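Where a number appears in this text, it was derived from the coordinates with a stated rule and is not lab data. These numbers were taken from a predicted model, which means no experiment stands behind them. As a convention, Cβ positions derive from the backbone with ideal geometry for all residues, glycine included, and neighbour counts pool all protein chains shown.
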Ligand SMILES: [Zn+2]
């Protein structure tokens, strides 16, 4: 997951086209405005200076978003995914610390 911050003083709107965004995400997030009608791609709106958190990483597949990050208009933050609650890893067990001093 990522978070995006709008570094500009203008609102940013990105179209999340089906072919790009839904494909990258592996699931369709389009909405059909009319029942049984053609699904419309959703859009991502980031107000000026605002940070949107916990966004799907598939957003990076959208060219306009990647471009805005590249130009510094958007600041990206990658969430680290830690496994469960274990903070103490037992690396010492597999790696013998003892060494012969000569
Ligand atoms: Zn879709």
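Each residue in 46, 65 was given a count of other beta-carbon atoms within 10 angstrom of its own, and listing them fewest first yields 46, 65.
Between region 33-47 and region 11-28, what is the C-alpha centre distance in whole Å? Cα centroid to Cα centroid, the span is 10 Å. Panel order for 80, 25, by other beta carbons found within 10 Å of each beta carbon, from fewest to most: 80, 25. With both labels modelled 7 Å from their Cα along Cα-to-Cβ, the residue 31 to residue 53 distance reads 2.3 nm.
Just rank 11, 69, fewest to most, by other beta-carbon atoms within 10 angstrom.
Numbers: 11 12, 69 17.
Exposure proxy ranking, most exposed first: 11, 69.
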